[in-house]
Amino acid sequence: DGGTPARARAAADEAIKEGAEIIIGPLMSQAVSGVAPVAREAKVPVLSFSNNTQVAGDGIYLINFLAEQEVDRIVSFAASQGKRRFAALIPDDAFGNVVETAFRSAVQRNGGTVPVVERYPLSPNGMLAPAKRVVEAIKAADDQLAPVDALFLPGGQESLPQIGPVI
C-alpha cells in the first residue's frame, strides 16, 4: 500500500483493474482510507489489518485485534490489581485518538480516574517534552498524597524504546 492513502488507492485501483475479487490489506487505517472508495465503487471487499473501527464498514472488514478490546483488557487487569488512578502518554495520531477514547471509557467503567493524559507527536524526539510532563504530574500527585498508580503507554516498537529512558 506504500504507507500513504494515495499509494494505497493506486495499488487498489491497479489490483482491481487486474481482476482482484478481494483486497487483503492494508495494514494502517490511513491507507484504508485510500483503498476504501476504489474498492467500494468496484464492489470489491477489503480485509484490512487495521485495528481502527472507524475505517470499517460498507465492504471494509477488519481482521485484527481491536484497540478498544485491548485497552479494556489492560485497564480491567490493572483495576483488578487495585490500580485506580491512571496517567497516560499517548501518540498524537489516529491510533492515539481511538486509544484515548477507549482508555478513558475503560478507566471510568472500572471505577478509576485519569488525572493526566499527554499526547506526543510522532516526530523525532517529539515525545520528550510530553513524557517529562507526565513524569512531573506523577511526582506532583505523589506530593499531594493522591498518587498515580498506573501509567498507560500504548505504542509500538518505533516509540516505546525511546520513551523508557525519559521516564
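For V55, are the conditions met, namely being aliphatic (A, V, I, L, M), under 17 Å from the mean Cα position of the chain (by Cα), closer than 17 Å to G25 by Cα and surrounded by 15 or more Cβ atoms within 10 Å (Cβ to Cβ)?
So V55 passes the test.
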When the residues of region 82-102 are narrowed to those that are assigned to a loop (DSSP other than H, G, I, E, B) and closer than 24 Å to G126 by Cα, which ends up least open to solvent (accessible area, probe 1.4 Å)? D93
Picking from A36, A10, A79, which residue would you name as being among the small types (G, A, S), assigned to a helix (DSSP H, G or I) and more than 23 Å from the chain's Cα centre (by Cα)? A10
Can you work out which of the residues in region 113-167 that are touching a helix residue (DSSP H, G or I) at 6+ places or on another chain (Cβ under 6 Å) and assigned to a loop (DSSP other than H, G, I, E, B) is modelled with the lowest pLDDT? I167
How many of the residues making up region 13-33 are farther than 10 Å from D1 by Cβ, outside any helix (DSSP H, G or I) and open to solvent by 40 Å² or more (accessible area, probe 1.4 Å)? 5
Mind listing whichever residues of region 66-76 are open to solvent by 70 Å² or more (accessible area, probe 1.4 Å) and more than 11 Å from the chain's Cα centre (by Cα)? Q69, R73, I74
Given (1) without any contact (Cβ under 8 Å) to a residue 60 or more places away in the chain; (2) under 24 Å from the mean Cα position of the chain (by Cα); (3) not in a strand (DSSP E or B), where does L47 come up short, assuming only one miss? (3)
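The values are calculated or read from the model by the stated rules, or taken from the named source; none is laboratory data. Keep in mind that this is a model prediction, so the values were computed, not measured. Ideal geometry is used to build each Cβ from the backbone, glycine not excepted, and the neighbour counts take in all protein chains shown. Remember, those area values only see protein heavy atoms, side chains included, never the ligands or the DNA or RNA. Shrake-Rupley method; radii C 1.70, N 1.55, O 1.52, S 1.80 Å.
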